[in-house]
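Before any comments, here is the structure.
The values are calculated or read from the model by the stated rules, or taken from the named source; none is laboratory data. Quantities reported herein were computed from a predicted structural model and do not represent experimental measurements. In this analysis, Cβ positions are derived from the backbone assuming ideal geometry, glycine residues included, and neighbour counts consider all displayed protein chains. SASA here: full protein model, heavy atoms, side chains in, ligands and nucleic acids out. Shrake-Rupley method; radii C 1.70, N 1.55, O 1.52, S 1.80 Å.
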Amino acid sequence: MDRHELRNALFATGISPDAFELEGVHEHVPLPPDFWFLRRSADGRWEIGAYERGVYDVRLAYDTEPEACAGLWRALTGRPTPP
């Protein structure tokens, strides 16, 4: 799953659009006070984590976009990645 597919799957579950941010696909202006994020790091890996009160807290880093998308899906839904 890529970021576009992840966005669509999260919307389909009814998760609030304010609950997450996906770099280049689903970004906030202005920023809500807290949300989960998925972004590319400076070294080219993919990071997921939580944004709270102006601070990005990276929780996990992955080598590929699909791995990061699966990680964020699990973090937000508590379920395995959809087929």
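Looking across region 52-64, the residues that are in contact with an Asp or Glu (Cβ under 6 Å, 6 or more places away or on another chain) and closer than 15 Å to Glu23 by Cβ come down to Val58, Ala61. Of the residues making up region 65-80, those that are under 14 Å from Arg3 (Cβ atoms) and either without any contact (Cβ under 8 Å) to a residue 12 or more places away in the chain or touching a Lys or Arg at 6+ places or on another chain (Cβ under 7 Å) (or both) number 2.
In region 15-35, the residues that are surrounded by 12 or more Cβ atoms within 10 Å (Cβ to Cβ) reach residues that are among the small types (Gly, Ala, Ser) with C-beta atoms within less than 8 angstrom, at least six apart or across chains, in these pairs: Asp34/Ala50; Phe35/Ala19; Phe35/Ala50. Restricting Arg7, Arg39 to residues that are open to solvent by 30 Å² or more (accessible area, probe 1.4 Å), in a helix (DSSP H, G or I) and touching a strand residue (DSSP E or B) at 6+ places or on another chain (Cβ under 6 Å) narrows the list to Arg7. Say whether the condition of being of a type outside the set (Val, Ile, Thr), without any contact (Cβ under 8 Å) to a residue 24 or more places away in the chain, buried (at least 17 other Cβ atoms within 10 Å of the Cβ) and closer than 15 Å to His4 by Cβ is met by at least one residue in region 42-64. Scanning region 42-64, I find at least one residue that is of a type outside the set (Val, Ile, Thr), without any contact (Cβ under 8 Å) to a residue 24 or more places away in the chain, buried (at least 17 other Cβ atoms within 10 Å of the Cβ) and closer than 15 Å to His4 by Cβ, so the answer is yes.
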